[in-house]
Every structure is written in structure tokens, then in C-alpha cells.
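The values are calculated or read from the model by the stated rules, or taken from the named source; none is laboratory data. Only a predicted model underlies this, so the values are computations on that prediction, with no experimental measurement involved. Neighbour counts run over all protein chains shown; Cβ positions are idealised from the backbone, glycine included.
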Amino acid sequence: MIRHRTRRMTEQEWTFDKIIQANGMDISFPMSETLLRTVGMDLSADIRRLRSRIKKYVEISREIAKLAAKREAMATKAEAQGHVITARDNYFAAAVLYTGAQGTIHDDDNMENAVYSEKKNECYDRYIEHAPHPIERVEIAFDDRYLPGLLHLPTRESRAFPCVVHFGGMDVVKEMLTSAYGDKFLERGIAVMSLDGPGQNEARITRKICCTADNFVTAGRAAMDFLLDRPEIDSNRIGIAGVSMGSFWVPQIVAHDHRYKAAAAFHVCHEPGMATLFTRSFPGFKERFMWMAGYEDETEFDEFAKLLTLKGLGQRIKCPILIVAGEDDQLSPIAYTHEFFGEIEAPKTLVIYKGEAHGISDNLDEKALIADWMMNRLEGVPIRSEHILMDGATGRELPTGPNTND
């Protein structure tokens with residue numbers, strides 16, 4: 001059973017059920033598209049059927065879990081028959097889907113959440129055994145506990161790779177940040193260490209680590225400390241990236257830790273206090289963050305949310321930084337991203353996709369743009385500060401006017 005923390009979700013769930021019946025399961029963000037993007041087109045028919053089966057908010061977790069179990073069974077059968085590649089593909093898909101099944105459950109003591117978390121880990125461990133590139137589970141010291149992570153190396157060569165520390169957001173977590181095939185960073189020879197930071201998924205469920213207004217700074221510093229001791233990683237070429245709420249945490253991190261070579265923040269959450277995200281968008285976002293931060297009382301959380309701001313941090317950033325956003329972001333008005341970008345004195349690039357919302361369309365391949373930009377920074381290619389406006393319909397660069405706030 002899903003337990004609600006906010007008044008809006010408690011009183012209006014029936015309304016969201018009607019919206020799901022009319023428009024499909026992607027009520028809060030393009031969840032089904034994100035799942036498909038991560039696991040690949042082999043699951044397109046399954047995702048299509050998933051969309052048709054879900055008619056209520058409470059059904060989202062259950063139906064995604066059913067699909068995860070189906071793929072896990074396919075993986076187990078393939079493995080028993082000696083079909084290793086088929087097994088690994090389906091173990092990876094199952095792990096990602098079990099993570100998706102956790103997305104609407106904002107409670108670490110919920111039995112279903114605990115079961116899905118365990119199944120996710122079991123399937124991902126089986127995927128690691130057969131993965132097409134080296135993957136290692138890592139534990140990052142964080143105060144008196146540890147943050148769970150996954151260190152992906154591009155190849156099995158014995159050399160030091162450049163690396164990107166990668167944080168997700170409220171919904172997209174470490175298992176979903178690196179693709180099994182064609183990953184944009186790995187394909188460019190860049191290692192990836194994806195983490196569940198404070199309040200995120202496994203860090204919250206099994207480690208009981210909550211998110212505060214600024215403890216991602218500690219997490220980012222700990223990640224860097226860890227990588228500096230790894231012989232597989234080039235200590236002079238370590239960057240950091242964050243998506244959605246990660247776009248808020250990454251600037252915090254690099255404003256306080258100047259060892260990072262470059263930073264990328266995309267699908268932005270830059271509004272001070274997150275008023276649009278927490279009061280005018282789907283209330284599931286607020287419920288998620290309340291759980292991540294350890295709040296039961298909505299009024300107390302509202303006071304906490306006022307502390308979520310990047311004001312004053314832009315001038316402290318020293319490394320080159322890339323920000324990628326949709327012009328019509330429905331969770332964080334783009335004016336706040338312009339405002340923050342204007343405060344940054346370091347070399348900087350702002351890419352705005354005209355007509356795009358929070359999750360920029362796949363056909364624009366903004367992840368390739370991010371990976372290319374990061375690769376250039378880690379290789380020391382010079383950068384000039386610029387504001388780029390991209391046409392969301394054609395993918396072409398448009399001229400920027402005098403009022404770009406950069």
C-alpha cells in the first residue's frame with residue numbers, strides 16, 4: 001500500500017487516476033520513456049503493453065514489477081541454457097525495471113520497496129557477472145556510513161581512464177545512469193562512477209542516509225577522495241555530472257570542491273526553494289523529496305525547502321561547467337537557470353533547447369552533446385563561455401538575442 005505524505009496527493013489521487021486513464025502512466029515524468037531509453041528497444045513491445053495496462057496510480061509499481069519478474073525469468077532460463085548474452089541483457093532490464101517499480105513508493109520500511117530493492121540488486125549482480133565492460137560495486141565512505149556505487153570502466157585494458165562521477169535525481173538512480181550498450185561516456189573511453197547519494201534509493205532504504213540541504217557536498221568530496229586512490233582512474237581527469245535534482249547538487253559540489261576538472265548539469269532544478277516543483281507540479285515529487293529528506297510533516301518540510309538554493313554559489317565555481325535545459329521546463333522555470341548561469345565566473349556553456357520541457361526528447365541526443373563536451377574538458381580542449389539556443393524541432397543551433405541573461 002502506498003502511504004501519502006502530502007495533502008494534495010491524499011485528496012487528489014482520484015484526479016490523477018483520471019489523468020492516467022486519459023493520458024497514460026507518465027503522469028509525473030516520462031517514466032516509460034526513461035525505462036525504454038535505458039534498457040533499449042528490445043523492450044518496446046513490453047513497454048507498450050505496460051502503458052496500456054496501467055489505469056491507476058497505485059498500479060504503476062505493481063505492473064512494472066510484473067514486467068521485471070518476467071525479464072528476470074527470461075534471464076534465468078537463458079543463463080541455464082548457456083546463452084550468456086541473452087541472460088545479461090534480461091538481467092540488466094530486470095534490474096532497471098525493479099528500480100522503476102520503486103519509483104512511486106516513498107517509504108524505506110515498506111515491504112514491497114525492500115523486496116524490489118533486493119531483487120534489483122540480485123539481478124544487477126548477475127548482470128555484472130556477464131556485462132560487456134568491467135563493473136564493480138563500490139562503497140564510498142560518508143560520515144559513519146557508506147554510499148553505494150557502481151564503477152564502470154570502458155574496457156578491460158590496464159590503464160588509467162578519465163572518469164565522471166554521476167548522480168541522478170529523485171527518480172533516476174545509479175542503475176539507470178549507465179547503459180548496457182552504447183553508453184555515451186563509456187563509448188568515449190570515460191569511466192563512470194554512478195552513486196546513490198544521500199536520500200537516493202538504496203542509500204535511503206538500506207543505509208538510512210537522508211538528504212539535507214547541502215550534504216551532497218560531502219558526498220561529492222567523498223567520491224573524489226575515493227577515485228584518487230584508484231589506479232584505474234586518471235586523477236587529473238575527473239569530472240562530475242548530474243541530472244534533474246542532480247543538476248542542483250552538482251553545482252553545490254563543485255562550488256566547494258575545486259578538484260573536479262569539469263561539471264555538467266542537465267534537466268534542471270534551479271529555482272530557489274523549488275516552489276514550482278513542490279507546490280505546482282505533480283505532488284509525487286514533493287512526497288519523494290520529503291521521504292529522501294526524512295520529513296513526515298509537510299509544514300516542516302516547507303520550511304526545509306526554503307534552504308534549497310544555489311544563490312551565491314556561482315562565483316565559487318572554478319571548473320568549466322555545462323548546463324543543458326529545456327526552454328519550457330515545467331519543473332523549474334528557465335529564468336532561474338539564466339539567473340544562476342549569469343552568476344558563474346568560470347568558463348561556462350549554457351545550452352537551451354527551444355520548445356523542450358524537463359526531460360529533453362531523445363531524438364535531440366543531448367546526452368551525446370554532454371559527453372562530447374565532457375570529453376573535451378577532460379582532455380584539456382580550451383573553452384569559451386557561450387550560450388547556445390537549439391531548435392527543439394530540428395536540432396539546429398539558433399541565433400541568440402541580446403536578452404539571453406548570460
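Being free of Cβ contacts under 8 Å to residues at least 60 places away in the same chain, surrounded by fewer than 18 Cβ atoms within 10 Å (Cβ to Cβ), within 30 Å of Leu228 (Cβ to Cβ) and of a type in the set (Asp, Glu) is a property that holds for Glu129. Evaluated against (1) closer than 19 Å to Asp109 by Cα; (2) surrounded by fewer than 20 Cβ atoms within 10 Å (Cβ to Cβ); (3) among the acidic types (Asp, Glu), Glu287 falls short on exactly one condition, (2).
The listed residues are Val250, Val268, and the only one of them that is within 30 Å of Arg159 (Cα to Cα) and either in a loop (DSSP other than H, G, I, E, B) or not hydroxyl-bearing (Ser, Thr, Tyr) (or both) turns out to be Val250.
Considering only residues that are on the phi < 0 side of the Ramachandran plot and part of a loop (DSSP other than H, G, I, E, B), look in the stretch 187-209 and name the one that is surrounded by the fewest Cβ atoms within 10 Å (Cβ to Cβ). Result: Thr206. The number of residues in the stretch 99-153 that are outside the structural domain of Asp89 (by TED's automatic domain parsing) and under 17 Å from the mean Cα position of the chain (by Cα) comes to 6. Applying a threshold of 7 Å to beta carbon distances and a minimum spacing of six or more residues, or different chains, the list of pairs starting in the stretch 175-204 at a residue that is more than 20 Å from Asn113 (Cα to Cα) and assigned by TED's automatic domain parsing to the domain that holds Ala262 and ending at one that is among the hydrophobic types (A, V, I, L, M, F, W, C) and at pLDDT below 95 reads Lys184/Ala368. Out of all the residues in the stretch 226-244, is one or more assigned to a strand (DSSP E or B), in the same structural domain as Glu379 (by TED's automatic domain parsing) and among the hydroxyl-bearing types (Ser, Thr, Tyr)? Checked against the condition, which is being assigned to a strand (DSSP E or B), in the same structural domain as Glu379 (by TED's automatic domain parsing) and among the hydroxyl-bearing types (Ser, Thr, Tyr), the stretch 226-244 yields at least one hit.
Looking only at the stretch 237-251, decide whether some residue is over 30 Å from Ile27 (Cα atoms), small (Gly, Ala, Ser) and surrounded by 24 or more Cβ atoms within 10 Å (Cβ to Cβ).
Looking through the stretch 237-251, at least one residue is over 30 Å from Ile27 (Cα atoms), small (Gly, Ala, Ser) and surrounded by 24 or more Cβ atoms within 10 Å (Cβ to Cβ).
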